[in-house]
Amino acid sequence: MPSDRLSRLRAHLACEGSRNIVERQGCFHQILRLFNEWRAGPDRDEAFAEARRELHRWSHLFREAHALAGESLVYDEAARSVRDTLGLVRSLRVRRYDDDDSAPPLSAILRSPHARELSMLHVSGTPISFEELARGPGAAQLGALVLNGAVAGDAPWEALERWPGLATLQFLQIAGASAESCSSERLWALLEHAPVFASLHVQPLDFDRFMDGVDAHPAVAHRLEQLSLRQCQLRDDHLPRLIAATALDRLATLDLRQNSQITCAGLAALRRAAHFRRGTILIDRDCP
């Protein structure tokens, strides 16, 4: 007869057949708590291997965890060490508030082999070291990297040239950084080495410098399928450079929301450009 703990694990893995993302994430968090409370031993090892096999069938969206102060499902605050349950996580959110000194250190996560299989890393409010990210072994095969208030000054993007994650990176979002960091030529040069990269979200922006990067790196621009320039203080007089950027010919979505000085006339001019006709341009006003 399976133990009560193993029965509970299997019930959480079944999650009553739900496909609801909130319910599935709740079941996943129960799985992490169960293993965090389970003493090391052969029975735990066997159950952990079973969980790995079953979770392989789950969407990565369901396998999300947070690294926060208080209860962290992936970091043991008393032992100051990353838990092995991080190896079951595929999407991790690391967040620190201004007055919070107890949140799990991002550096420990980046150094942990348990973080090797993360597919998405969302960092908010705590600086990220590109040198540590490149060194790993954690976060070595990310598909998505979100940096919200995590990049200070003119970011040393060249430090990521040795990062194995460039081979798998598809989505990059940079917000709350300096306009220099979001628009840097070094960022565009780095993305030349990201063969499957397809989605870039940046804010704020030095628009002319950013478009210089588009023009200088047409191979990267051609790979882009989504480009978000939300809340970048763009105006109609910025749009001719986008119209002239014919390398952006694979864009399925161009997000220009929260740029209040772009008019319906400017949007119409964009839509007439051959390389924007097939895609969707998002803007938060009603235009014919």
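The values are calculated or read from the model by the stated rules, or taken from the named source; none is laboratory data. Treat the numbers as computed from the prediction; the structure is a model and nothing was measured. Here the Cβ is made from the backbone with ideal geometry for all residues, glycine too, and neighbour counts use every protein chain on show. All accessible areas refer to the heavy atoms of the entire protein, side chains included, with ligands and DNA or RNA removed. Shrake-Rupley method; radii C 1.70, N 1.55, O 1.52, S 1.80 Å.
Remarks
- Scope the range 49-77; condition assigned to a helix (DSSP H, G or I) and closer than 25 Å to Leu106 by Cβ; matching residues: Arg52, Leu55
- Of all residues in the range 1-12, those satisfying the criterion of being farther than 21 Å from Arg93 by Cβ and part of a helix (DSSP H, G or I) are Asp4, Arg5, Leu6, Ser7, Arg8, Leu9, Arg10, Ala11.
- From Asp215, Asp206, residue being modelled with pLDDT under 95 and acidic (Asp, Glu): Asp206
- Candidate set: the range 149-167, residues that are out of contact with any strand residue (DSSP E or B) (no Cβ under 9 Å at 6 or more places or on another chain) and of a type in the set (Gly, Ala, Ser); chosen: the one modelled with the highest pLDDT: Ala167
Residues checked against (1) under 15 Å from the mean Cα position of the chain (by Cα); (2) over 23 Å from Gln231 (Cβ atoms):
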site	(1), (2)
Leu142	yes, yes
Val146	yes, no
Ala152	no, no
Pro156	no, yes
Ala159	no, yes
Pro164	no, yes
Leu172	yes, no
Trp188	no, no
Leu200	yes, no
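- Against the conditions (1) part of a strand (DSSP E or B); (2) exposed (fewer than 15 other Cβ atoms within 10 Å of the Cβ), Asp45 satisfies every one except (1).
- Residue among Leu169, Leu121 that is in contact with a helix residue (DSSP H, G or I) (Cβ under 9 Å, 6 or more places away or on another chain), open to solvent by less than 30 Å² (accessible area, probe 1.4 Å), closer than 21 Å to Ser59 by Cα and part of a loop (DSSP other than H, G, I, E, B): Leu169
- Single residue of the range 125-139 satisfying the filter (outside any helix (DSSP H, G or I) and modelled with pLDDT of 90 or more) that is nearest to Gly176 (Cα to Cα): Ile128
- Flag for Glu64 being under 23 Å from Val123 (Cα atoms), open to solvent by 20 Å² or more (accessible area, probe 1.4 Å), of a type in the set (D, E, K, R) and modelled with pLDDT of 90 or more: yes
- Pairs with Cβ under 7 Å, 6+ apart, first in the range 194-218 and of a type in the set (D, E, K, R), second open to solvent by less than 60 Å² (accessible area, probe 1.4 Å) and part of a helix (DSSP H, G or I): Asp206/Ala179; Asp206/Ser183; Arg209/Ser183
- Qualifying residue in the range 127-140 (condition: in contact (Cβ under 8 Å) with a residue 12 or more places away in the chain, closer than 24 Å to His60 by Cα and out of contact with any helix residue (DSSP H, G or I) (no Cβ under 8 Å at 6 or more places or on another chain)): no
- Within the range 13-27, being more than 13 Å from Phe48 (Cα to Cα), of a type outside the set (Gly, Ala, Ser) and either assigned to a loop (DSSP other than H, G, I, E, B) or open to solvent by less than 60 Å² (accessible area, probe 1.4 Å) (or both) holds for Cys15, Arg19, Asn20, Arg24, Gln25, Cys27.
- Any hit, the range 233-243, residues being more than 14 Å from Gln261 (Cα to Cα) and polar (S, T, N, Q): no
- Flag for Arg93 being over 12 Å from the mean Cα position of the chain (by Cα) and open to solvent by 40 Å² or more (accessible area, probe 1.4 Å): no
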